Amino acid sequence: MGRVNRVLLLFFFMGASVLLSYAGLPREMSVQIKEGQLRESPAFLAKIVARLPYGEPVEIVAERGAWAEVSIPQRQLRGWLHVSALSSEKIRLQAGAASQQAGASRAEVALAGKGFDKNVEEEFRRLHPNLDFQWVDRMETFRVSTAEMQGFLAQGAVQPAGGGVE
């Protein structure tokens, strides 16, 4: 093999390794929502195999579109999470953690994730005294299981685009 070919081959492998190191999601991530739903396959309608709490560390195994296949070795779990549920930041809820400046309850964390905190909600209520928030509070308690949703879709002969993946 000629000297030029060896140099070109060396540059090719160096370039490929640099590209691969920057491709995709970080290897380790954390659940950034109140409850991550670990699914059997990369689809919103796929069976939920586990529920992951806010801050749960996960290892990225593979990626498929907007989905990440993750592993939680300490719990012997593996499944799919939508990438919107993940953060590359290490999340710690205990007081005094380096990544946390002040303690927060799970409810406060969930509200903050939605863009609301107690102060924002109080200000909104102050600016809109005639609005009745009773139904908003009640709607937040409604729960629809995956089985109920799948039954509803089947009864109406609804086929989600992409099989429910996106």
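Points worth noting:
- Breaking point among (1) at pLDDT 90 or above; (2) within 16 Å of VAL31 (Cβ to Cβ); (3) surrounded by fewer than 13 Cβ atoms within 10 Å (Cβ to Cβ), for GLU89: (1)
- Search result, residues across region 35-82 that are of a type in the set (Asp, Glu) and either surrounded by 15 or more Cβ atoms within 10 Å (Cβ to Cβ) or not in a loop (DSSP other than H, G, I, E, B) (or both): GLU35, GLU56, GLU59, GLU63, GLU69
- Candidates ARG126, ARG143: the one that is at pLDDT 85 or above, part of a helix (DSSP H, G or I) and either among the hydrophobic types (A, V, I, L, M, F, W, C) or more than 19 Å from the chain's Cα centre (by Cα) (or both) is ARG126.
- Region 138-152, residues that are surrounded by fewer than 10 Cβ atoms within 10 Å (Cβ to Cβ) and either of a type in the set (Ser, Thr, Tyr) or within 12 Å of LYS47 (Cβ to Cβ) (or both): THR141, SER145, ALA147
- Every residue from region 146-165 that is modelled with pLDDT under 85 and outside any helix (DSSP H, G or I): VAL158, GLN159, PRO160, VAL165
The values are calculated or read from the model by the stated rules, or taken from the named source; none is laboratory data. Note that the structure is a prediction, hence the values are computed from the model and not measured. Neighbour counts are summed over all protein chains in view; Cβ atoms, including those assigned to glycine, are modelled from backbone coordinates with ideal geometry.
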